[in-house]
Amino acid sequence: MRHDALNQVSRIFLVVLLVTLAGMAWVVAQALGFGLPDASGLPRQALVGAAWDQQVALISGHAGNDSGAVCEDANGNVLVTEAEINARVANLTAERLRRAGADVTILDEYDERLEGLHAAVLISLHADSCIDASGYKAAVHAYSAIPAINDRLLACIEQSYPTATGLPHHPNTVTHNMTEYHAFKRIDPLTPAAIIELGFLGGDQSLLVNQPELAAKGVADSILCFLEGEKKPTP
């Protein structure tokens, strides 16, 4: 009888051990980006060594200040505002980057924390007007103290964002408000920074409203591309 009891305890212990090991394997797989896709159908973000504990700042365009561009229907009913799109994409981007291992802060448009901000990278998220046009654009500070580094950040955006979203580049509408964006003048001059117009609220409204996860992946992939480049040893 005692022998049977020991066998039963051994079996229970073995089951508990197997369940524990399976759970650990699942956690590791999730961290490495394996397993089931997330709710949006995108592959889950994996840990990225170059992003680990890096300070990343995102500006949720117009947050804490105004609504930004406002799209209305023929009866004057508000369909979507720029600020709500920016906020949604900022939050989704932060989720992906935190899964990658980064320490992410989301800032308002004129956040006091921008003064002298030192971070591995800062990206300001905006969306373009309600006109029937399509495409994204990005810019860095026209008078940057680190032009080569900012140009590499811009190159990562131009490589990663259209790949994730399918949106074309719309460079001929980059304005002085982008290349001389107020936040560029407030942060630490050695902080790499860029501003992205995620798409047009008119022609790209379906993607920005119904698939903001794609825009967030594009932004996150752009930042991870940049951080991975920063970690590569110089020849």
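Order these peptides, 179-191, 197-209, by their mean beta-carbon neighbour count within 10 angstrom, highest first.
Averaged packing, sorted descending, gives the order 197-209, 179-191.
For the residues Tyr161, Tyr110, what sequence is obtained by ranking on other C-beta atoms within 10 Å, fewest first?
Result, fewest neighbours first: Tyr110, Tyr161.
Could you tally the net charge around Tyr143, taking each other residue with its Cβ under 9 Å from the Cβ of Tyr143, Lys/Arg +1 and Asp/Glu -1?
Numbers: positive: Lys185; negative: Glu180.
Local charge sum for Tyr143: 0.
Bin width 10 Å, origin at 0, all Cα-Cα pairs of the stretch 38-231: what percent of pairs per bin?
For the stretch 38-231, the binned pair fractions read 10, 39, 38, 12, 1, 0 percent.
At a 10 Å Cβ-Cβ cut-off, how would you order Val174, Val219, fewest neighbours first?
Ranked by crowding around the Cβ, least crowded first: Val174, Val219.
No lab work stands behind these numbers, since they all come straight from the coordinates. Keep in mind that this is a model prediction, so the values were computed, not measured. Backbone-built Cβ (ideal geometry, glycine too); neighbour counts: all protein chains shown.
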